[in-house]
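*Asks:* Following this message is one structure expressed as structure tokens.
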Amino acid sequence: MSVPVSGALRRELAEAVSGARLLVVGAGGIGCELLKDLVLTGFNNIDVIDLDTIDVSNLNRQFLFQKKHVGRSKAQVAKESVLQFYPEANIIAYHDSIMNPDYNVEFFRQFTLVMNALDNRAARNHVNRMCLAADVPLIESGTAGYLGQVTVIKKGVTECYECHPKPTQKTFPGCTIRNTPSEPIHCIVWAKYLFNQLFGEEDADQEVSPDRADPEAAWEPTEAEARARASNEDGDIKRVSTKEWAKSTGYDPVKLFTKLFKDDIRYLLTMDKLWKKRKPPVPLDWTEVQNQEKNMSDQQNDSSLGLKDQQVLDVKSYARLFSKSVETLRVHLAEKGDGAELIWDKDDPSAMDFVTSAANLRMHIFSMNMKSRFDIKSMAGNIIPAIATTNAVIAGLIVLEGLKILSGKIEHCRTIFLNKQPNPRKKLLVPCSLDPPNPNCYVCASKPEVTVKLNVHKVTVLTLQDKIVKEKFAMVAPDVQIDDGKGTILISSEEGETEANNHRKLSEFGIRNGTRLQADDFLQDYTLLINVLHSEDLEKDVEFEVVGDGPEKVGPKPSEPISKNITNGSDDGAQPSTSTAPDQDDVLIVDSDDEGPSSNTDDDMENKNRKRKLEDREHVNTKRMRTDQTEEQDDIIALD
């Protein structure tokens, strides 16, 4: 039996620790380390929630899980494992989504502290808002390879998670990659995984076949667990590796094409729960694709683009490129001899041909606009590996920040960055003072308000609901009414109540330039006033713009290189071991011992550092900051 270190704490703090009730959201990479640290520090009352089930690929870093646990609830098994070495703990496990309406503001008010170890931005936004509504301190954290971050969020004292716009998320949960891609980057990651499965170093983290254990495909916990168990049992459908199967076919391009783009897609369609609110994928048939005629307008578009790498081809051309690249890679692999492996390199023409063609074929299947080779090359090759030690360091820092809060010294809390290499002061851990709330934040301001530029004659109520209120402003169950004194209801959280409005244009309800909309989410205890700015001059494919943010385009949003962000650690970055990600040591360069708010812009940091003079410390020199860095670092969602 392990003994907690509460004896090392002063009596008042030890009592506060033992009496505190904590909520840990996520039981994956960081979550496992955090639960262990918490009980060994003396925390006795812990609630842990996670929707996910345990997969074989988790076992190399989520140490509370063993092979016998595969298919079971992460939260439940984490509880059982912790109780084995600290049975005195009172742990409540929930196999559920934190966004379930059951976990309302009153639920959050039970807790002294909330600690996030999530794997998607929507849930992170939601927990941020729930903690603000409940006035409970939230400790955020994230890891990406050797990089990590911990920060504290307290209503009225610090910035909230949404005080500044976040970049497009750069890595994604495994079930999104395998089952429900919605952006081109999902398909590019899938294609790179496929390269490694067929020609490179096989890795359980890089599975490309449909994920039968996807929690979303089976909402009931027992059903999800049963699916996961079945998918990992010996003797299940073709439990042969992708590479072995491909070898058995002689790397036949047509057979590979049929399995990946027809049979696997048909199997996904049998998981009908996935497609209730999504457009279902459309399988491709090799023969039908070969009989397609190239659209002349596509040819004209191609030629007008000039450079070959910037052309977007048609499906038939990508199918042929896929076949050609498979043949070429098969020869390269054979030349290396038995047991050889190819290493993916974005500068290898054959490897890029394979990823470009496979990714675009998958984009087409899932109704996305296909991308040029140039675009795909810019997004590929930047996948970050999971480092178990990083999770351990970050979990320890979370506990230390929690102890400061329980000591009543929140002013001593810091945003702490873990770097890959020491800074000029020879430090890997760099603390920065917490920033105050952004007075213009549309979440934590006293009266949240935002201006949205759109064309009222083109934007429908459904677009307002799904893309603006839910996706952009992260509401879960919104009610939207026109602030016209009449209370005209556009959108209701009651299912079916305003469905007839969905395809009507905003202008049909009298909405025009200057109209104010009131959006309420009663679950989040959150109200947002939306000022409509009518415009007929938006860029092509741009549906709306939030004034102060970048434009929002129709369909999949463009993705940037993955290297600019930091993942969260619930499913903490299981990524290709053959990735050629650039060095990350310049992601954060702060030459500070303990000073300087973690501002989000170069100008702010430069100005603040130029003005700041320290009474008890030497002057701080900030070498340089990247614009998309600091607070935004904690926003990557890791692959699993």
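*Asks:* Taking the criterion of being farther than 30 Å from L268 by Cβ, more than 22 Å from the chain's Cα centre (by Cα), in a helix (DSSP H, G or I) and in contact (Cβ under 8 Å) with a residue 12 or more places away in the chain, would at least one residue in region 408-416 satisfy it?
*Replies:* Of region 408-416, the ones farther than 30 Å from L268 by Cβ are 408-416.
After this cut, where a residue has to be more than 22 Å from the chain's Cα centre (by Cα) as well, the list is 408-414.
Adding the requirement that they be in a helix (DSSP H, G or I) leaves 410-412.
Add one more test, that the residue is in contact (Cβ under 8 Å) with a residue 12 or more places away in the chain, and what stays is 410.
Looking for residues that are farther than 30 Å from L268 by Cβ, more than 22 Å from the chain's Cα centre (by Cα), in a helix (DSSP H, G or I) and in contact (Cβ under 8 Å) with a residue 12 or more places away in the chain, one finds at least one in region 408-416, hence yes.
*Asks:* Sticking with this one: Restricting region 451-475 to residues that are open to solvent by 40 Å² or more (accessible area, probe 1.4 Å) and outside any strand (DSSP E or B), which is modelled with the lowest pLDDT? Don't jump to the end; show me each part of the working.
*Replies:* Filtering region 451-475 down to residues open to solvent by 40 Å² or more (accessible area, probe 1.4 Å) leaves 451, 453, 457-458, 462, 466-467, 470-472.
From what is left, the residues that are outside any strand (DSSP E or B) are 457-458, 462, 466-467, 470-472.
Working: H457: 93, K458: 92, L462: 92, D466: 90, K467: 90, K470: 91, E471: 86, K472: 89.
The extreme case among them is E471.
*Asks:* Could we say that F107 is under 14 Å from L35 (Cα atoms), of a type outside the set (A, V, I, L, M) and either over 19 Å from the mean Cα position of the chain (by Cα) or modelled with pLDDT of 95 or more (or both) here?
*Replies:* Working: under 14 Å from L35 (Cα atoms): no; of a type outside the set (A, V, I, L, M): yes; either over 19 Å from the mean Cα position of the chain (by Cα) or modelled with pLDDT of 95 or more (or both): yes.
Considered against the rule, which asks whether it is under 14 Å from L35 (Cα atoms), of a type outside the set (A, V, I, L, M) and either over 19 Å from the mean Cα position of the chain (by Cα) or modelled with pLDDT of 95 or more (or both), F107 comes out as no.
*Asks:* Further, regarding this structure: Could you check region 96-109 and list, in sequence order, the residues that are open to solvent by 40 Å² or more (accessible area, probe 1.4 Å) and either in a loop (DSSP other than H, G, I, E, B) or under 15 Å from I46 (Cβ atoms) (or both)?
*Replies:* M99, P101, D102, N104, R109
*Asks:* Which of the residues spanning region 112-135 are open to solvent by less than 10 Å² (accessible area, probe 1.4 Å) and in a loop (DSSP other than H, G, I, E, B)?
*Replies:* A117
*Asks:* Among the residues of region 250-279, which ones are open to solvent by 30 Å² or more (accessible area, probe 1.4 Å) and closer than 20 Å to T328 by Cα?
*Replies:* G250, D252, V254, K255, T258, K259
*Asks:* Based on this model, can you work out whether S357 counts as open to solvent by 20 Å² or more (accessible area, probe 1.4 Å) and within 24 Å of Q292 (Cα to Cα)?
*Replies:* Values: open to solvent by 20 Å² or more (accessible area, probe 1.4 Å): no; within 24 Å of Q292 (Cα to Cα): yes.
Here the answer is no, as S357 does not meet what is asked.
*Asks:* If you don't mind, another one. Taking region 421-435 as the region of interest, how many residues are open to solvent by 80 Å² or more (accessible area, probe 1.4 Å) and under 20 Å from C163 (Cβ atoms)?
*Replies:* So the count comes out to 0.
*Asks:* Still on this structure, please answer the following. What's the total number of residues in region 478-504 that are assigned to a helix (DSSP H, G or I) and either on the phi > 0 side of the Ramachandran plot or open to solvent by less than 30 Å² (accessible area, probe 1.4 Å) (or both)?
*Replies:* 1
*Asks:* Hey, any hits in region 37-52 for a residue that's modelled with pLDDT under 95, outside any loop (DSSP other than H, G, I, E, B) and more than 20 Å from I394 (Cβ to Cβ)?
*Replies:* Looking through region 37-52, none of the residues is modelled with pLDDT under 95, outside any loop (DSSP other than H, G, I, E, B) and more than 20 Å from I394 (Cβ to Cβ).
*Asks:* With respect to K166, determine if the residue is at pLDDT 95 or above and surrounded by fewer than 22 Cβ atoms within 10 Å (Cβ to Cβ).
*Replies:* no
*Asks:* Also: Can you tell me which residue within region 85-95, out of those that are touching a Ser or Thr at 6+ places or on another chain (Cβ under 9 Å) and part of a loop (DSSP other than H, G, I, E, B), is surrounded by the fewest Cβ atoms within 10 Å (Cβ to Cβ)?
*Replies:* Once the filter is applied, the top-ranked residue is Y86.
*Asks:* Okay, moving on. Looking at A78, A14, which is the one that is more than 20 Å from the chain's Cα centre (by Cα), at pLDDT 95 or above and either assigned by the TED database to the domain that holds K409 or part of a helix (DSSP H, G or I) (or both)?
*Replies:* A78
The values are calculated or read from the model by the stated rules, or taken from the named source; none is laboratory data. Quantities reported herein were computed from a predicted structural model and do not represent experimental measurements. So basically every Cβ, Gly included, is an ideal-geometry build from the backbone, and we count neighbours across all protein chains shown. All accessible areas refer to the heavy atoms of the entire protein, side chains included, with ligands and DNA or RNA removed. Shrake-Rupley method; radii C 1.70, N 1.55, O 1.52, S 1.80 Å.
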